[in-house]
Amino acid sequence: MEVRMKSVLVTGGGRGLGRGVAERLAASGHRVLLTSRNAEEGERAVHEIRREHASVSVEWALLDLASNASIRSFVRELPSHRHFDVVMHVAGVLQQSPTRRMTVDGIEETLAVNALAPFLLTHELRNRIGSPRGPGRVVCVSSQLHRPGSRGPEVHFDFEDPNLEHGYDPDVAYKNSKLAMLWFAFELARRTPRSRFTVHGMCPGFVPETAAHSVHGMRRLLMRYLLPHLPFATRARDAVVAMEYVAVEPELDHSTAGFWVNRELALASRDARDAELGKRFWRWAEQATGAVWLLPDRPQFAER
Ligand SMILES: NC(=O)c1ccc[n+]([C@@H]2O[C@H](COP(=O)([O-])OP(=O)(O)OC[C@H]3O[C@@H](n4cnc5c(N)ncnc54)[C@H](OP(=O)(O)O)[C@@H]3O)[C@@H](O)[C@H]2O)c1
């Protein structure tokens, strides 16, 4: 099916998979706004993409997803006419340090960046997603690690202790955040008519080339140069193709709340699909961000 050229927002577009999918979308003719919390990185990404591909439409903007104020000011400073056909929540953190880090807003950093920031950013952008030309799309880059039984310590989201005050483990924080991101995605899908926008979660696969950035020393070398060649790994270039598919494939306008792995529809974990847990996370996220959506527990938007 023919893909109409879209206006796309990509968070975490300064490097890694965000940078990769921003480049691929721009090269395919889409209009891309990538965000980075680092001005040098954002500028470099745009410069390199423009150098590689003639007459592409790509810009960058500063956005620190660990700060609610930064998210609000990013949206406030967008031109009033700016709409997005696609919003891609790609930025994410996987901490290595056993010391818990808190954001300026008092939230554990992994949960804040990976799950609360997509919640707040989507809330602030809610009237700018989609257009009369067609429904919009929100893409949440989660991970297969949201599943119970995935490698490493067990996912365990405790609503009494979301910030892991009583026992912090960076891997648990990551898994919890990726589960929470799917709670957000699926609850948003339940609240939004498809004529406004659809919402899809995805996992890009295990991509050692970009995940290497989070580790150091010998592990980084292994991840960068050896692991990408092993059969269980996904090459960054393939992950980016799968991300582009979930972002702009027209077929996906006919469904919502999908969880995509390798361009195939997969079943997210039972907890991720649990509507009661999704609503509970939503209420907690509203309190934590101060972003109260209209009509709680009911569709947010009229049909277009
Ligand atoms: N690679 C994998 O194997 C894998 C597997 C499953 C899911 N994922 C998910 O895929 C997404 C991309 O991962 P990746 O492999 O490309 O990781 P990456 O190379 O580490 O990139 C992470 C991106 O997130 C940005 N970011 C981190 N904290 C931020 C903040 N506070 N504000 C704004 N941006 C921030 C980083 O920007 P800075 O340069 O400023 O740090 C960077 O652009 C993540 O959500 C990750 O969880 C990855």
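Nothing in this text is a laboratory measurement; each read-out follows from the coordinates by a stated rule. Keep in mind it's a predicted model, so treat the numbers as computed, not measured. Because the Cβ atoms are built from the backbone with ideal geometry, glycine has one as well, and the counts that use them run over all protein chains shown.
The share of Cα pairs per 10 Å bin across the range 26-66, counted from zero up to the longest distance, runs 34, 50, 16, 1 percent. Loop exposure criterion: chymotrypsin sites (Phe, Trp or Tyr not before Pro), DSSP state outside H, G, I, E and B, at most 13 other Cβ atoms within 10 Å. Applied to the chain, the longest stretch between such sites is 1-158. Taking amide H as placed 1.01 Å from N in the peptide plane, the amide H of W260 sits under 5 Å from that of G201, M202, C203, A266, each at least 5 places away or on another chain.
Full extension of the chain segment joining E77 with S195 gains 39.8 nm, where the gain is 0.36 nm per residue of separation less the Cα-Cα distance.
At an R0 of 51 angstrom, the distance between the Cβ atoms of H156 and A27 translates into a FRET efficiency of 0.80.
Compute the whole-percent fraction of alpha carbon pairs in the range 37-87 spaced more than 17 Å apart. The calculated P(r) of the range 37-87 puts 49 percent of pairs beyond 17 Å.
Reported value for the range 7-289: 130 Å³ per residue, from the convex hull of its C-alpha atoms. Once you reduce the range 212-263 and the range 188-209 to the center of their Cα atoms, the two points are 15 Å from each other.
Amide hydrogen proximity for V58: with H placed 1.01 Å from N in the peptide plane, the residues at 5 or more positions away or on another chain lying under 5 Å are V32. Under the simplified labelling scheme, the R44-N262 pair shows an inter-label distance of 3.3 nm, with each label point 7 Å from Cα along Cα→Cβ.
Helices meeting the span-like rule in the chain (full DSSP H runs, Cα extent of at least 30 Å along the helix axis, mean Kyte-Doolittle score of -1.0 or higher): 170-191.
Among beta bridges from DSSP that stay inside the chain, the antiparallel ones total about 15%.
For the range 155-257, the average shadow cast by the Cα convex hull is 8.7 nm², which is a quarter of the hull's surface. All other residues whose Cβ lies under 12 angstrom from that of S36 are scored, Lys and Arg at +1 and Asp and Glu at -1, for a net of -1. Its relative contact order, with pairs defined as Cα atoms under 8 Å and 6+ residues apart, puts the range 156-304 at 33 percent.
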